[in-house]
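The values are calculated or read from the model by the stated rules, or taken from the named source; none is laboratory data. Source: prediction; values computed, not measured. With ideal geometry, Cβ positions are generated from the backbone for all residues, glycine too; neighbour counts draw on all protein chains shown. Keep in mind that these areas ignore ligands, DNA and RNA; they rest on the heavy atoms of the full protein, side chains included. Shrake-Rupley method; radii C 1.70, N 1.55, O 1.52, S 1.80 Å.
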Amino acid sequence: MKRALITGITGQDGSYLAELLLEKGYKVFGMVRRSSTESNERISHIMDKLELIQGDLTDQNSLLSALQQSSPDEVYNLAAQSFVPTSWNQPMLTGQVTALGVTNILEAIRQVNLKIKFYQASSSEMFGKVQDVPQSEKTPFYPRSPYGVAKVYGHFITVNYRESYDMFACSGILFNHESPRRGLEFVTRKITDGVAKIKLGLAKEIRMGNLDAKRDWGFAGDYVEMMWKMLQEDKPDDYVIASSETHSVKEFCEIAFSHVGLDYKNYVKLDPRFVRPAEVDLLVGDPSKAKKILDWKAKVTFEGLVKMMVDADIERLSDQIKSDKLKKFHKINFGSKGDLDLASLKNNSGNILGY
């Protein structure tokens, strides 16, 4: 049985990758930071199949311990301060985690077992002020945010360790990949969550920044499979993973709102607070190398992705509304000490609860 250690396992990509590896028969370990509050929502459905280890990319001893405990064949470094706007407010933290953290884990692998295969999560944000369109593995980097700069460091230190110590170390230059598990702070979930709230009468508008910014968007569930495929090759290399299509934030809004029968122009308000100090205007990837070597092919289309995310947010908020109504009805009719069979209540109180 192969063994894998995933840093950032509680994030969007980490949760999808953990599911994939479990399906392939791996023993999966996840490294998580010590926190007073747990944030395991994305992996709650597979928690009984995982083994979580406490550790931090900024703490070398914890990384050594995590590697010794898990004895992995493969390490996937998905942990980072990954929100671009936050990198402007916390550039030092972003550098320590997203950049130097990569050195820490590579050095830990070098000390523990040079045969461990390593995957580094690079980013299309490294291209920034793009020098070529579309962007390939040969396109020069020109990052436009502290996050992008930190990712460039992480990318090149991975190349450096590969060439200096003959390590099997790969970088996946993944373009924007989204899902219903994307954090609410990201523009795609901000849109789909906002659309769901407006459709359900919980909000009246969404305040947005640059609607003309363009991105190459795909489905995270598709992209994590390519992470795994990179580590199954005979030789380590770096790959661009992208849809090769570009769409604007405005297009994302149009599809999301029209999916629920609304016109985005009536609900989207421009707000200068959400405009980046230095914007990345056009990112579109050239995944030719990955298509040829890794047999890369996306299963979910851009339109399908947007609709998937809107539907998931509507379902989530609808369930939350129903739950709140049940709790309110329980409190009114039974008080804080009363016992209530919620399943029975749902079956017998349809008119009251709005089912």
In whole percent, the fraction of accessible protein surface over the chain that belongs to carbon or sulfur atoms, probe radius 1.4 Å, stands at 48 percent
Counting only protein heavy atoms and rolling a 1.4 Å probe, one gets per residue an accessible area for the stretch 212-298 in Å² of 47 Å²
Dividing the helical contributions, -39500 (n - 2.57) per DSSP H run of n ≥ 4, by the residues of the chain yields a 222 nm value, nearest 500 deg cm²/dmol, of -13000 deg cm²/dmol
So, over other residues within a Cβ distance under 11 Å of Asp73, counting Lys, Arg +1 and Asp, Glu -1, the net charge is +4
Magnitude of the Cβ-charge dipole (Lys and Arg +1, Asp and Glu -1) of the stretch 154-230 about the Cα centre, nearest 20 debye, reported as 500 debye
Relative contact order as a percentage, the chain, C-alpha pairs under 8 Å and 6+ apart, gives 15 percent
For the stretch 1-135, dividing by residue count, accessible area per residue (probe 1.4 Å) in Å² works out to 45 Å²
To the nearest 10 degrees, the tilt of helix 187-199 (Cα long axis) against the first principal axis of the alpha carbons of the chain is 10 degrees
Computed for the chain: size of charge dipole around the Cα centre, +1 on C-beta of each Lys and Arg, -1 on C-beta of each Asp and Glu, debye to nearest 20, value 820 debye
If every Lys and Arg gets +1 and every Asp and Glu gets -1 at its Cβ, then about the Cα centre the stretch 228-327 yields a dipole, in debye to the nearest 20, of 260 debye
Taking Lys and Arg as +1 and Asp and Glu as -1, residues besides Asp222 with C-beta under 12 Å from its C-beta add up to 0
Cα pairs beyond 22 Å in the stretch 106-221, in percent, come to 49 percent
In nm, the gap between the two label points placed 7 Å beyond Cα toward Cβ at Lys2 and Asn61 is 3.3 nm
When the charge dipole of the chain is computed with +1 at the Cβ of Lys and Arg and -1 at the Cβ of Asp and Glu, the Cα pointing farthest to the positive end, of Val195, Gly218, Thr58, is that of Val195
Label model pair Ile332, Trp88: point-to-point distance (7 angstrom along the Cα→beta-carbon line) in nm is 4.6 nm
If one compares the long axis through the Cα atoms of helix 12-23 with the longest principal axis of the Cα atoms of the chain, the angle in degrees, nearest 10, works out at 80 degrees
Under 5 Å from the placed amide H of Asn210, counting only residues 5+ away or on other chains, we find Arg276
Ranking Glu178, Glu23 from most to least accessible area with a 1.4 Å probe gives Glu23, Glu178
